[in-house]
Protein chains: 2
Amino acid sequence: METPQQPDNNISPADRDGLYKTIFSRRDVRGQFISDPIDDAVLSRILYAAHHAPSVGFMQPWNFIIVKSQQLRQQVHDLFKQAHEEATAMFPEEKQDIYHGLKLEGILESPVNICLTCDRQRTGPVVIGRTHIDTMDLYSSVCAIQNLWLAARAEGLGVGWVSILDEQKLKEVLNLPEHVVPVGYLCLGKVSHFKAQPELEAAGWLPRLPLEDLIYFDGWEKKLPVEESLLLQQLKADADFPADCAG
Amino acid sequence: METPQQPDNNISPADRDGLYKTIFSRRDVRGQFISDPIDDAVLSRILYAAHHAPSVGFMQPWNFIIVKSQQLRQQVHDLFKQAHEEATAMFPEEKQDIYHGLKLEGILESPVNICLTCDRQRTGPVVIGRTHIDTMDLYSSVCAIQNLWLAARAEGLGVGWVSILDEQKLKEVLNLPEHVVPVGYLCLGKVSHFKAQPELEAAGWLPRLPLEDLIYFDGWEKKLPVEESLLLQQLKADADFPADCAG
């Protein structure tokens, strides 16, 4: 069955640059949340954007659990604290102090938390595109998280993804059934400011990798000399972005 | 260490609408690819956008294997054909004909395939944020795929994610080491047109779910009556998007 076409060129160069600006200025926010409430019209747009993520077999396996209850957020924060202590002990001794001092979540300071889940039984046991790679439904929920994150940034809101949690205990706190995975636990809210760089980069924990080092041609670790690749030359030129897109 | 702030309000309402338009008009493209080459400047921007995805512990676990070799793409297409036959047999008998007739990939028609991977050992065994949920690095690579997909759409290019493949055999074809996962095998190229609706929705395979049914409050399956939720009222109003954003 043929569906109508989209209008030609419905995305302008200015629209495109809006996307790029959003992508480059998106941050994982932990310490900059302010407690102002989020407008429901804004939140509805962000959820709508998340719901328009791609999903394997059009399964739409996600739910959005909006967590505002102070008591519930305190329980999740307790889970974070416990996991954070356990995590600290896993790092080499010389890195433990640095790790433990990092601000890694804004569960209580942000006005809204959202747990974005994946219902692995949403459309029955056999799903188009999930027959051979059974994590595809989880990946669909991650695509929804990335849409949500970008939409929030474009609305001026920060998002932080809290992954230092025991998944099974989080499921108990949120009363999730066995077949539902809490793919992302997100903190969402207005911020005092967005940082120009990712915090772990600014803190010297890890550098941003040169993109050209991550590109292979027709097989793992197959590289091309820059002279032979227009693509690598373009990457080095790095010229075509709007001026206020911080790399 | 404090980093400089981003310019205030660097994302305008027009930028935001550019993001929303892109999100709502992104499609999984299978049958509409044309063979025209992709400009290297465009491809470099798309890869740059992917590289600016969030990653757990700033791990940047992705690589981009650009697959243009006809021989390699033929090998991947053979893997698809085999998996597609296996998949057909998994569906209930009355759905097998419909399933088998669906066009589910554009491996040979698109000018470029990209395998986006996850190197699970990229920054050593202990990664900030991956200490308790060990799939977080795979999820980071998925975020990069979603950035790539949106950037491609904003550049007028289609992307199709091929997941009907035996992962182990794909690793052999691309010569991936054991610790590298081929998270997404993507077909990329110019298109004759973008469809107004997802193909599986248009084909009547599955409907788009009402977003309001997917939202819970403070726990699984905890719903609110519409009268008590401004958010649900906003979702029903659905009013604030640019006029040419197809829902």
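The values are calculated or read from the model by the stated rules, or taken from the named source; none is laboratory data. Source: prediction; values computed, not measured. Cβ placement follows ideal geometry from the backbone for every residue including glycine, while neighbour counts extend to all protein chains displayed. In case anyone asks, the SASA skips ligands and DNA or RNA and just uses the protein heavy atoms, side chains included. Shrake-Rupley method; radii C 1.70, N 1.55, O 1.52, S 1.80 Å.
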Do we have any residue at all in the stretch A:179-195 that's at pLDDT 95 or above and polar (S, T, N, Q)?
-> yes
Select from the stretch A:197-229 the residues that are open to solvent by 30 Å² or more (accessible area, probe 1.4 Å) and farther than 29 Å from B:GLU178 by Cα and list them in ascending order.
-> A:GLN197, A:GLU199, A:ALA203, A:GLY204, A:GLU227, A:GLU228
Among the candidates B:ARG153, B:ARG130, single out the residue that is touching a Lys or Arg at 6+ places or on another chain (Cβ under 7 Å), basic (Lys, Arg) and either open to solvent by less than 30 Å² (accessible area, probe 1.4 Å) or modelled with pLDDT of 95 or more (or both).
-> B:ARG153
Would you mind stating whether B:VAL127 is closer than 22 Å to B:LEU188 by Cβ and either among the hydrophobic types (A, V, I, L, M, F, W, C) or touching a helix residue (DSSP H, G or I) at 6+ places or on another chain (Cβ under 9 Å) (or both)?
-> no
Tell me, please, whether a residue that is touching a residue at least 12 places away in the same chain (Cβ under 8 Å) and farther than 30 Å from B:PRO210 by Cβ can be found in the stretch A:43-56.
-> no
Can you confirm whether the stretch A:44-62 contains a residue that is of a type in the set (S, T, N, Q) and either outside any loop (DSSP other than H, G, I, E, B) or at pLDDT below 95 (or both)?
-> yes
Go over the candidates A:ILE23, A:ILE66 one by one and state the one that is assigned to a helix (DSSP H, G or I) and among the β-branched types (Val, Ile, Thr).
-> A:ILE23
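This table checks each residue for (1) open to solvent by 10 Å² or more (accessible area, probe 1.4 Å); (2) more than 7 Å from chain B (Cβ to nearest Cβ); (3) of a type in the set (Ser, Thr, Tyr).
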site: A:ASN10; (1), (2), (3): yes, no, no
site: A:ASP15; (1), (2), (3): yes, no, no
site: A:ARG30; (1), (2), (3): yes, yes, no
site: A:ILE34; (1), (2), (3): yes, yes, no
site: A:ASP40; (1), (2), (3): yes, no, no
site: A:LEU43; (1), (2), (3): no, no, no
site: A:ALA49; (1), (2), (3): no, no, no
site: A:SER55; (1), (2), (3): yes, yes, yes
site: A:PHE64; (1), (2), (3): no, no, no
Yes or no: A:GLU109 open to solvent by 10 Å² or more (accessible area, probe 1.4 Å), touching a Cys at 6+ places or on another chain (Cβ under 7 Å) and under 16 Å from A:CYS187 (Cα atoms)?
-> no
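One line per residue, one yes/no per condition, for (1) over 23 Å from A:GLY57 (Cα atoms); (2) touching a residue at least 40 places away in the same chain (Cβ under 8 Å); (3) assigned to a strand (DSSP E or B):
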| site | (1), (2), (3) |
| --- | --- |
| B:ASN147 | no, yes, no |
| B:ALA151 | no, yes, no |
| B:TRP161 | no, yes, yes |
| B:LYS169 | no, yes, no |
| B:GLU172 | yes, no, no |
| B:LEU186 | no, yes, yes |
Within the stretch B:172-196, count every residue that is closer than 21 Å to B:THR22 by Cβ, facing another protein chain (nearest Cβ under 8 Å) and open to solvent by less than 20 Å² (accessible area, probe 1.4 Å).
-> 2
Could you count how many residues in the stretch A:87-114 are in contact (Cβ under 8 Å) with a residue 60 or more places away in the chain and more than 9 Å from every other protein chain (Cβ to nearest Cβ)?
-> 11
